[in-house]
Amino acid sequence: MVRVQTILPGQNLKSFLDCVDGIYQGDPHYVRSLNQDLEDRFAPTKNPFFHHGEAVAFVAEKNGKIVGRIAASIDRSHLAKFNDATGFFGFLDTVDDAEVAKALLEAAEGWLRERGMKRILGPFSLNINEETGMLVEGFDTPPYLMMPHHRPYQAGLVEAAGYTRAKDFFAWRYEVGSINTRTAKAHAEIAALPNVKSRPLNMKALDKDIQACVEIFNDAWGENWGAVPITKAEGEKMAQDFKLILMPEITRIVEIDGEPAAFAIAVPNLNELIPDLDGKLFPFGILKLLYRLKIEKPKTARLMLLGIRKKFQKHRKYAGLSHFMYTEMDAAGKKLGMTGGELSWTLEDNHGINIAIKSLGAKAYKRYRVWDKVL
């Protein structure tokens, strides 16, 4: 028999955090998230998501062992925009047991139903602007920072619980130094425009720069499937987090006639540096991480955010802006000794973006899936 326990925000998350050790034991590609990060994300005083949302965590116990976990969340920003009575599930990790997966999903469904939701969508941890999707292809490599990893059987457990595919997402692998002729030409055309200026994020004015990026992002991606705006408070939290890990060389802000018009932010792939920390920063993990980040330096990075204001997307003169930023960041990565990275994520049906990424020489190497179900 499966027993599901509820963990409210602010309560002890130890069982929720530690259950992954058994689930992913023997998986050489799993990287356990840092406990501190997950604890902060479930803390209403630390995660600005709780300014416009609510969430709860659950763990499943069977035969005296914690064998799975899930979270349920409601994002009022999503409800205000789409008016679709939809809540989310996320952080779903479970042993290969249909009874366990069903019990966890039913716990999330019940919590959402009690709050008036008519549909459940996920995994979103805790909303679409955080970790999105379940890995369904590409299990043979480790995940990049803030990208999920799963066992191959987990997708089948979700579908067996009555869920249907809503949307797929791609992650793209890229090798530093592989800029092709077409991309180099687009870079040269943009670089020749006297009204276009490009620079890295300014670490001394990071809050201001991140807010400019947030404004561009919300304008650029506002019409995408499921998109909700990043709030000012979330931008401030992002800036606070980035101060610890950001390498400004692999970031870009592009101004056109003095107006912030486009941006790209790649972050060092911390997952490359933390596999042996077992989720623990203290007492010695933080020292190891800082040494590896500042002295050894990561060899890979994730292009996490990119946006171009709509009015410049539609202007033929600036059609090469994304290629321009890719080229600038590629050159910076090469100087830093980086070997490659990931561009993630993109929607399966965002054909314009996917074609542009392919033209860089990047390859789609992981696929993630989001499911839904009527409650």
Any hit, region 350-359, residues being small (Gly, Ala, Ser), over 21 Å from VAL214 (Cβ atoms), in contact with a Lys or Arg (Cβ under 8 Å, 6 or more places away or on another chain) and not assigned by TED's automatic domain parsing to the domain that holds GLU223: yes
Qualifying residue in region 103-124 (condition: within 14 Å of the chain's Cα centre (by Cα), farther than 13 Å from LYS373 by Cβ and modelled with pLDDT of 95 or more): yes
Failed criterion for THR183 (all others in (1) surrounded by 17 or more Cβ atoms within 10 Å (Cβ to Cβ); (2) out of contact with any Ser or Thr (no Cβ under 7 Å at 6 or more places or on another chain) hold): (2)
Scan of region 156-187 for residues that are at pLDDT below 95 and hydrophobic (A, V, I, L, M, F, W, C), ordered by number: VAL176, ILE179, ALA184, ALA186
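For PRO275, state whether it is of a type outside the set (D, E, K, R) and surrounded by fewer than 18 Cβ atoms within 10 Å (Cβ to Cβ).
Values: of a type outside the set (D, E, K, R): yes; surrounded by fewer than 18 Cβ atoms within 10 Å (Cβ to Cβ): yes.
So PRO275 passes the test.
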Number of the exception - TRP345 against (1) in contact with a helix residue (DSSP H, G or I) (Cβ under 7 Å, 6 or more places away or on another chain); (2) within 22 Å of GLY222 (Cα to Cα); (3) among the aromatic types (Phe, Trp, Tyr): (1)
Selection from region 307-340 of residues that are of a type in the set (A, V, I, L, M, F, W, C), buried (at least 22 other Cβ atoms within 10 Å of the Cβ) and within 26 Å of ILE230 (Cβ to Cβ): ILE308, LEU321, PHE324, MET325, MET329
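Mind checking whether some residue in region 202-223 is part of a helix (DSSP H, G or I), of a type in the set (Gly, Ala, Ser), out of contact with any strand residue (DSSP E or B) (no Cβ under 9 Å at 6 or more places or on another chain) and in contact (Cβ under 8 Å) with a residue 12 or more places away in the chain?
Going through region 202-223, the residues part of a helix (DSSP H, G or I) turn out to be 203-221.
Retained after the next criterion (residues that are of a type in the set (Gly, Ala, Ser)): 205, 212, 220.
Narrowing the set further to residues that are out of contact with any strand residue (DSSP E or B) (no Cβ under 9 Å at 6 or more places or on another chain) leaves 205.
Next cut, in contact (Cβ under 8 Å) with a residue 12 or more places away in the chain only: none.
Checking region 202-223: not a single residue is part of a helix (DSSP H, G or I), of a type in the set (Gly, Ala, Ser), out of contact with any strand residue (DSSP E or B) (no Cβ under 9 Å at 6 or more places or on another chain) and in contact (Cβ under 8 Å) with a residue 12 or more places away in the chain.
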THR231 vs. criteria within 17 Å of SER322 (Cβ to Cβ), of a type in the set (S, T, N, Q) and not assigned by TED's automatic domain parsing to the domain that holds GLU131: no
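Residues are listed down the side, and each one gets a yes or a no for (1) assigned by TED's automatic domain parsing to the domain that holds VAL228; (2) in contact with a Pro (Cβ under 7 Å, 6 or more places away or on another chain); (3) touching a residue at least 60 places away in the same chain (Cβ under 8 Å); (4) of a type in the set (D, E, K, R):
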position	(1), (2), (3), (4)
CYS19	no, no, yes, no
GLY26	no, no, no, no
ASN35	no, no, yes, no
GLY64	no, no, no, no
LEU79	no, no, no, no
GLY90	no, yes, no, no
VAL100	no, no, yes, no
Pairs with Cβ under 6 Å, 6+ apart, first in region 361-375 and under 12 Å from GLU175 (Cα atoms), second surrounded by fewer than 17 Cβ atoms within 10 Å (Cβ to Cβ) and not charged (D, E, K, R): GLY361/SER178; GLY361/ASN180
For LEU121: the one exception among (1) under 18 Å from LEU343 (Cα atoms); (2) not in a helix (DSSP H, G or I): (1)
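Hey, among PRO152, PRO148, which residue is on the phi < 0 side of the Ramachandran plot and free of Cβ contacts under 8 Å to residues at least 40 places away in the same chain?
Every option except PRO152 fails the conditions.
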Residues that are closer than 13 Å to GLY307 by Cα and in contact with a strand residue (DSSP E or B) (Cβ under 6 Å, 6 or more places away or on another chain), drawn from region 224-252: THR251, ARG252
Test: residue in region 238-251 that is part of a strand (DSSP E or B) and surrounded by 18 or more Cβ atoms within 10 Å (Cβ to Cβ): yes
Residue that is farthest from ARG32 (Cα to Cα) [pool: residues in region 278-306 that are surrounded by fewer than 18 Cβ atoms within 10 Å (Cβ to Cβ) and β-branched (Val, Ile, Thr)]: ILE295
Qualifying residues in region 35-63 (those that are over 18 Å from GLY87 (Cα atoms) and crowded, with 21+ Cβ neighbours inside 10 Å) - the one nearest to the chain's Cα centre (by Cα): VAL59
Residue match in region 128-144 (condition: under 18 Å from ASP75 (Cβ atoms), surrounded by 14 or more Cβ atoms within 10 Å (Cβ to Cβ) and among the β-branched types (Val, Ile, Thr)): yes
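The values are calculated or read from the model by the stated rules, or taken from the named source; none is laboratory data. It should be emphasised that the depicted structure is a prediction, and the values quoted were computed from it without experimental measurement. Backbone-built Cβ (ideal geometry, glycine too); neighbour counts: all protein chains shown.
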